[in-house]
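Student: Pasting a structure here, questions to come.
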Amino acid sequence: MIRFDHVTKQLGGRLVLDDLSFEIPKGEIFAIVGPSGTGKSVTLKHMVRLMTPTRGAVWIDGTEISAVDGADLARARERFGYLFQGGALLGWMTVEENIALPLREKTRLSEAEIAERVAKALCAVGLEEDGDKFPSEISGGMQKRAGLARAIVREPEIVLYDEPTSGLDPVTARTIDKLIRRLNKELGITSVVVTHDLQGALLSADRIAMLTGGRFVEVSSPHAFVAADQPDVRRFLDAQFISKKGIEGM
């Protein structure tokens, strides 16, 4: 379980998170949506201790990750996989080499074991025929899938997604949404998705949280989210041309 207890974060004198409290149970896909600059990525970074609260605490099960350091922090971070917004693949490495990198840097697995893990991750994201290619030789959607394979290759308990469909065409974006859903179920992981793509959140998430003014103004299932009357939610839905009946048939 991921738990935020009264988390406040100030950056450059600006209040980004304001006494934020919520829980994400094991196995859930939790999507955080909202306008730019509202603190979505800041929230994500607190989960893996890339940022520390100004006040409050972040818990990963029984570990207060916002308070640990050194070896304890390293162990806590091993529970996470992280898909960066741009995929963050190294251009001079093949797809296979990119995926193998965290195993070579963070484990003592043999080369045979690494190859087996990489092949399994490639298969999971549908890139089993593309491991020998360089990032420049594959599409943006394939780069996102390769980044996801790297995020899951160490078999994490939690995967954090920062704008996983950013820059993708609608068809490819929906493919990534379905992949997030499938991997969450098959691997038994917890997924936290930060996104501007409300359509994708409605299709993939178990719950959606709308972040505005440093707080969640709505946390609900996709169906309840679309039907919500909260003004910020309605403006966000209207801006993406999603009506109260917009989720029907999805």
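All of the numbers you see were taken from the coordinates with simple rules; none came from a lab. Here the structure is a predicted model, which is why all the values come from computation and not from measurement. Note that we place each Cβ from the backbone using ideal geometry, even for glycine, and neighbour counts take in every protein chain shown.
Student: What's the center-to-center distance, using Cα atoms, between the stretch 61-86 and the stretch 12-60 in Å?
Tutor: Centre-to-centre distance over Cα atoms comes out at 14 Å.
Student: Over the stretch 92-250, calculate the relative contact order: mean separation of alpha carbon pairs under 8 Å at least 6 apart, over the residue count, as a percent.
Tutor: Once divided by the residue count of the stretch 92-250, the mean separation gives 16 percent.
Student: If the label point is 7 Å along Cα→Cβ of residue 61, which residues in the stretch 189-211 have backbone nitrogen under 14 Å from it?
Tutor: Zone members listed by number: 189-190.
Student: What's the percent breakdown of Cα-Cα distances in the stretch 1-111 across 10 Å bins, shortest bin first?
Tutor: With a bin width of 10 Å, the distribution comes to 12, 38, 32, 16, 2.
Student: Tell me, 195, 43, 212 in order of fewest to most beta-carbon neighbours within 10 Å?
Tutor: 212, 195, 43
Student: Out of the DSSP beta bridges found with both residues in the chain, what percent are antiparallel (nearest 5)?
Tutor: Values: 19 of 36 bridges.
Just about 55 percent of them are antiparallel.
Student: Going by amide H atoms built from the backbone, whose H comes under 5 Å of the H on residue 133, apart from near neighbours?
Tutor: 95, 96
Student: Where in the stretch 132-157 is the amide nitrogen less than 20 Å from a point lying 7 Å along the Cα-to-Cβ axis of residue 92?
Tutor: Flagged as within label range: 132-138.
Student: Output needed for the stretch 89-155: three equivalent-ellipsoid semi-axes, defined as square roots of 5 times the C-alpha gyration tensor eigenvalues, in descending order, whole Å.
Tutor: 18, 12, 10
Student: In what sequence do 117, 145, 104, 215 fall when counting other Cβ within 10 Å, fewest first? List each step's numbers first, then the result.
Tutor: Values: 117 21, 145 27, 104 12, 215 16.
Neighbour counts put them in this order, fewest first: 104, 215, 117, 145.
Student: Residues with amide H under 5 Å of residue 29's amide H, sequence separation 5 or more or different chain, H placed in the peptide plane at 1.01 Å from N; which?
Tutor: Hits under the 5 Å cutoff: 191, 206, 207.
Student: Hey, any idea what the orientation-averaged projected area of the convex hull of the stretch 67-116's Cα atoms comes to, in nm²?
Tutor: 4.7 nm²
Student: Further, regarding this structure: I'd like the Karplus ³J(HN,Hα) series for the stretch 103-110: coefficients 6.51, -1.76, 1.60, θ = phi - 60°, whole numbers in Hz, and an x wherever there's a Gly or Pro.
Tutor: 6, 6, 7, 10, 10, 10, 5, 6
Student: Residue by residue through the stretch 140-151, which ³J(HN,Hα) values in whole Hz follow from phi under the Karplus form 6.51 cos²θ - 1.76 cosθ + 1.60 (θ = phi - 60°), with glycine and proline marked x?
Tutor: After applying 6.51 cos²θ - 1.76 cosθ + 1.60, I find x, x, 5, 5, 5, 5, 5, x, 5, 4, 5, 5 Hz.
Student: Treating only the Cβ of Lys, Arg, Asp and Glu as charged (+1, +1, -1, -1), what charge dipole size does the stretch 89-155 show about its Cα centre? Round to the nearest 20 debye.
Tutor: Charge dipole of the stretch 89-155: 360 debye, to the nearest 20.
Student: Convex hull volume of the Cα atoms in the stretch 98-250, per residue, in Å³?
Tutor: 131 Å³
Student: Quick one: longest stretch of the chain between exposed loop chymotrypsin sites (Phe, Trp or Tyr not before Pro), exposed meaning at most 16 other C-beta atoms within 10 Å and loop per DSSP? All intermediate terms of the calculation are to be shown ahead of the outcome.
Tutor: Numbers: sites that count: 84, 92, 241.
Looking at the chain, 93-240 is the longest stretch - no exposed chymotrypsin sites (Phe, Trp or Tyr not before Pro) with at most 16 other Cβ atoms within 10 Å.
Student: Determine which residues of the stretch 172-197 fall in the zone a paramagnetic label at residue 239 would reach in this model, i.e. backbone nitrogen under 19 Å from the point 7 Å along Cα→Cβ.
Tutor: In the stretch 172-197, the label zone of residue 239 (backbone N under 19 Å from the point 7 Å along Cα→Cβ) covers 193-197.
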